[in-house]
Amino acid sequence: MKPFTLAPVLAVLGLAAANPTPTKPEPPSKRASLPTVTVSGNAFWQGKTRFYIRGVDYQPGGSSNMADPLADTTVCKRDIAEFKKLGINTVRVYITDNSANHDECMSALADAGIYAIIDANNPLYSINRADPGPSYNTKYLQSVFATIDAFIKYDNTLAFFSGNEVVNDNVTSTLAAQYVKAVTRDMRQYIKSRGYRSVPVGYSAADVAQNRMQLAHYMNCGSDDERSDFFAFNDYSWCNSNFQESGWDQKVKNFTGYGIAIFLSEYGCTTNGRDFGEIKALMSDEMTSVYSGGLMYEYAMEDNGFGIASIASPQATTVKELSGFSKFASALSANPAPTGDGGFTSTTKSVACPTKDANWLVDTTLLPAIPDNAKKFMSEGAGAGPGLKGDGSQQAADSGTSTGTATPGSGAVAAGASASSSKNAAVRAGGVNAGFDKAPLIVSGLALVLTLTGTLLLNLANAASLLWHAYKSLPSPSNKVNWAGFYTLDPLSPPSQPQLILGPFQGKVACQTIAFGRGVCGTAAATQQTQLVPDVQSFPGHIACDGDSRSEIVVPITVPVCKEGREEEEERRKVVGIIDVDCAEVNGFDETDRVWLERLAGVIARCCDWP
């Protein structure tokens, strides 16, 4: 649930990275006390014992917080104490600083019997799904390889993710799959070339049914050097359900005989009271022959409501265990990892590459060759990592990009290969909906601005302007936005008949008041749920404030309900306003807009002085 897009988040602060310096090849050092985990057949192994991932996704501060929890001993030791109570054996860390020292935190995790799965990308250095070719460049790979250097020396580094949710439900995003697969190939080759131990590398896929199996097959087709060591995907379908009703039985059938290890990189529906019935299934013989466990999303409570622990501030020394904390711990305790080999398959195999169709636009089995300027890293090392204060890589095509397709069996350019352009491929496929690709910059920049002021009216006015100009700078249909702004809760409206009143905005004259439950805005306020409407004319009771609007997204802004000066449990929140963005074209918004606007709503909720 953490897609990375093109904008360098900290560019708003004017920070830049130093040029990397070459490093001499040297053997990895031993820094932890746990036995290493390997992958063999379609399973993970701790020595000769089958290893099941029983962990949590770990991103304190949320996806908009550009901080590495494993580089801050106060933070990591605070949370490791809680991890011990849960009884987990793995954490996934989405953002790390490849210029920082992680010895103390990784050692503390090892002492607690916990492994780490590290995402090699971060919002600054990642593949841009809207235009992947230029973002697959030397500067990007240098950061990826530096992250490998930073963590491969620890025995409790379990695996690396080569990408996270790069391919989503926008069909044109499938064109980015060949670049993600190329990165996976490059990471595995870098580990081998540097003489490191063979830490598994794989991809974390979004919860998108329309392309899940095609993407899984794509990551496991071709020559051995092109295939992933494992495939992981996010799955939130187990809601008030069971093994059959959730569709998990069918997924087991679909992945039976798949050929490599799989696990869930995120799971945990929030509409079922979070009883974590998934764990019983994951640890049962119904699944262990195919799945190797999973990671519950997520540890720290953020605005999306998935967390099981509340942390007041990034540097807080205490943690409030929420209701989901004990439920998750109990589910793990009641369903231990099974003994024996779980019915695993001892041999691995490749599968046939998917063919192009309406949901899958990749029409070649060839991968982009590694950029010429990046080949030196294989022998010289990546050098010092840029960390989280670099200027990013998505606009660094001038550092060197791929000049053709690779010969299967190597990352080198094939003889006679022609230069490829992902942008041209996207145009041939019908164009790219770039979505909210400047979202990290908007969220981080706005957080800075809002923190410096705090005054509600000033903050909303600046936010409306920032939203308007951000959308206008993006490709169609995003630049067809015709209204962007806010409505806030009318403090004079009776509790039995609440209404919204117009706040700061950009666009034409708008409705001054909207009752809860009326139109798209009122529905979002009444339900406390984002309303993503592809065609407003088909929405029951739509209020046509601007007749030019054809699609709309409305995100509620909520704050905790307080009682006697103290926040109640996380389930109790109240609406204080909404973000409303209209587009003059049908289908102007997608899931990317929803995710980042919800994060923006969280920033506004925290940073403004709401009455």
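The values are calculated or read from the model by the stated rules, or taken from the named source; none is laboratory data. What you are looking at is a predicted structure, and each value in this text was computed from that prediction instead of being measured. A quick note on method: Cβ atoms are made from the backbone with ideal geometry, for glycine too, and the neighbour counts reach across all protein chains shown.
Looking at Tyr487, Tyr471, just one residue is in a strand (DSSP E or B), closer than 26 Å to Asn304 by Cα and either modelled with pLDDT of 90 or more or assigned by TED's automatic domain parsing to the domain that holds Cys583 (or both), and that residue is Tyr487. For segment 242-263, the set of residues classified as of a type in the set (A, V, I, L, M, F, W, C) and touching a residue at least 60 places away in the same chain (Cβ under 8 Å) consists of Ile260, Ala261, Ile262, Phe263, listed by residue number. Does segment 281-301 contain at least one residue that is part of a loop (DSSP other than H, G, I, E, B), farther than 26 Å from Phe161 by Cβ, in contact (Cβ under 8 Å) with a residue 40 or more places away in the chain and under 25 Å from the mean Cα position of the chain (by Cα)? No, that holds for no residue. For segment 354-379, filtering for residues that are among the polar types (S, T, N, Q) and in contact with a Ser or Thr (Cβ under 8 Å, 6 or more places away or on another chain) leaves 4. Before we move on, is Phe276 of a type in the set (Phe, Trp, Tyr), assigned by TED's automatic domain parsing to the domain that holds Ala71, in a loop (DSSP other than H, G, I, E, B) and in contact with a Gly (Cβ under 6 Å, 6 or more places away or on another chain)? No: the conditions fail for Phe276. When restricted to residues that are over 25 Å from the mean Cα position of the chain (by Cα), among the hydrophobic types (A, V, I, L, M, F, W, C) and closer than 19 Å to Gly305 by Cβ, segment 568-611 contains 3. In segment 144-156, the count of residues that are buried (at least 24 other Cβ atoms within 10 Å of the Cβ) and under 15 Å from Leu367 (Cα atoms) is zero. Scanning segment 208-225 finds one or more residues that are free of Cβ contacts under 8 Å to residues at least 12 places away in the same chain, in a loop (DSSP other than H, G, I, E, B) and surrounded by fewer than 18 Cβ atoms within 10 Å (Cβ to Cβ). Of everything listed in (1) surrounded by fewer than 20 Cβ atoms within 10 Å (Cβ to Cβ); (2) of a type in the set (Gly, Ala, Ser); (3) farther than 30 Å from Asp224 by Cβ, the single unmet condition for Gly383 is (3).
Restricting attention to segment 29-40 and to residues that are at pLDDT 95 or above and part of a loop (DSSP other than H, G, I, E, B), the residue that is farthest from the chain's Cα centre (by Cα) turns out to be Pro35.
Yes/no matrix, rows are residues, columns are (1) outside any loop (DSSP other than H, G, I, E, B); (2) more than 19 Å from Ser265 (Cα to Cα); (3) among the β-branched types (Val, Ile, Thr):
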{"site": "Val91", "(1), (2), (3)": "yes, no, yes"}
{"site": "Arg129", "(1), (2), (3)": "no, yes, no"}
{"site": "Tyr140", "(1), (2), (3)": "yes, yes, no"}
{"site": "Val144", "(1), (2), (3)": "yes, yes, yes"}
{"site": "Ala150", "(1), (2), (3)": "yes, yes, no"}
